[in-house]
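Okay, so here's the structure we're looking at.
The values are calculated or read from the model by the stated rules, or taken from the named source; none is laboratory data. Only a predicted model underlies this, so the values are computations on that prediction, with no experimental measurement involved. FYI the Cβ positions are ideal-geometry reconstructions off the backbone, even for glycines, and counts take in every protein chain you see.
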Amino acid sequence: MKISIITVSFNSVASIEACVLSVLNQDYPDVEYIVVDGASNDGTLDVLKKYEHRFAKFISEKDEGLYHALNKGMAMATGDVIGILHSDDFYTSSSVLSQYAKVFEKEKCDAVYSDLYYVDAIDTNKIVRKWKSGAYTPGAFLNGWMPPHPTFFVKREVYQRLGNFNLEFKTAADYELMLRFIHKNKIKLSYLPEYTIKMRTGGQSNSSLKNRLYANQEDRKAWKVNGLKPRFYTLYLKPLRKILQFF
């Protein structure tokens, strides 16, 4: 089983090398690594060019944002399974992809997700939050649940059948995609109960009250565009769940 990993970068010189090395150092033998850079001008390209010979595909050109770049990466992917590792993130060990592959092979599922650490942007050994996903139960999205998107690995044929990221969304395209795949279309989902990714703190949708309110509007839109109706408390529980991750 070939696993395609897509990394999108733009002016990520402070974090890109740790991200890249965490992919290149995986012990899983069949990895297709695709790097999509948005024409960085801060030294990111100098780092990427050090490892370019080990990438399956690499482009650097202007894009229309994160999700547009991810869709470009998916168009280039040829793996059986697609995973996404953002330029600020890195795997917790060299066996992460092997662990995912075992779950896919054993469970014969469409997608696998796991748990995630939020870490300090400078001291990545300092854990700020723990996102313990827990096993999925049907209807969990109605109670504000969602898996951490960077841990969400999906068979490529699911993307081909159900579509890529919806570019109408600026910050919640990942939520919309998982809502569409899991809640609406009921793909077969499996849980890997391991912390597999470290994410540096500072995500766009949570960086200010204004951005959080905008993200809530986009979350509501995600239900609407899929012809789904949340409960009256669904979109309030979603951010409230994150508070528990600090304890």
Would you be able to say whether some residue in segment 67-77 is surrounded by 15 or more Cβ atoms within 10 Å (Cβ to Cβ), of a type in the set (S, T, N, Q) and part of a loop (DSSP other than H, G, I, E, B)? no
Which condition breaks for Ile59 when tested against (1) over 20 Å from Met199 (Cα atoms); (2) out of contact with any Asp or Glu (no Cβ under 9 Å at 6 or more places or on another chain); (3) surrounded by fewer than 19 Cβ atoms within 10 Å (Cβ to Cβ)? (2)
Suppose we filter segment 41-60 for residues that are in a loop (DSSP other than H, G, I, E, B) and either among the aromatic types (Phe, Trp, Tyr) or free of Cβ contacts under 8 Å to residues at least 24 places away in the same chain (or both); how many remain? 1
Just the residues that are buried (at least 16 other Cβ atoms within 10 Å of the Cβ) and assigned to a helix (DSSP H, G or I), please, taken from segment 222-238. Ala222, Trp223, Thr234, Leu235, Lys238
Within segment 40-53, is there a residue that is under 20 Å from Phe165 (Cα atoms), among the hydroxyl-bearing types (Ser, Thr, Tyr), in contact with a Phe, Trp or Tyr (Cβ under 8 Å, 6 or more places away or on another chain) and modelled with pLDDT of 95 or more? no
If the requirement is being under 20 Å from the mean Cα position of the chain (by Cα), over 21 Å from Pro150 (Cβ atoms) and either among the charged types (D, E, K, R) or at pLDDT 95 or above (or both), which of these qualifies: Arg161, Arg200? Arg161
Please determine, by comparing only the residues of segment 109-168 that are assigned to a helix (DSSP H, G or I) and among the basic types (Lys, Arg), which one is nearest to Tyr91 (Cα to Cα). Arg156
